[in-house]
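So the structure is just underneath, and the comments pick up after that.
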Amino acid sequence: LATAYYLAKNHKVGRIAVLEKGYLGGGNTARNTTIVRSNYLWDEAAFIYEHAMKLWEGLTEDLNFNVMFSQRGVFNLGHTLQDMRDIERRVNANRLQGIDAQVLNAAEVQEK
């Protein structure tokens, strides 16, 4: 759908057909866990997901339809030393890409 939308918007391609193999809306949007995020480890993935997330910011205005996009944070909880190392690695990788990310300790999480 995103490809069809941006072909029409940016390249003035008309009459685009979108074929869905499964049932309509049957991906992540059909469940209650839809998350648009950019907190990925690899630079290339972080960049493309950050760009995609930014596209959502103006989508309601572009479509003149409330897509119910609401930016919020996400907590990744670490229960072991290795979990925390993995989280810190991902946070550091994201921060190097200019993506807002931080590691909180238990007291800071409880306060939030």
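Each value in this text was obtained by applying a stated rule to the coordinates, not by laboratory testing. In this text the structure is predicted, and so the values were computed from the model without any measurement. No Cβ is skipped: glycine too gets one built from the backbone with ideal geometry, and neighbour counts run over all protein chains shown.
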Using per-residue counts of other Cβ atoms within 10 Å, averaged over each peptide, order 84-91, 7-14 from highest down.
-> 84-91, 7-14
Restricting to aspartates and glutamates and to Cα separations under 15 Å from Lys9, and discarding same-chain partners fewer than 8 apart, the set is Glu61, Asp62
Taking only the alpha-carbon positions of the range 39-112 as identical scatterers, the Debye log10 I(q)/I(0) at q = 0.27 Å⁻¹ comes out as -1.21
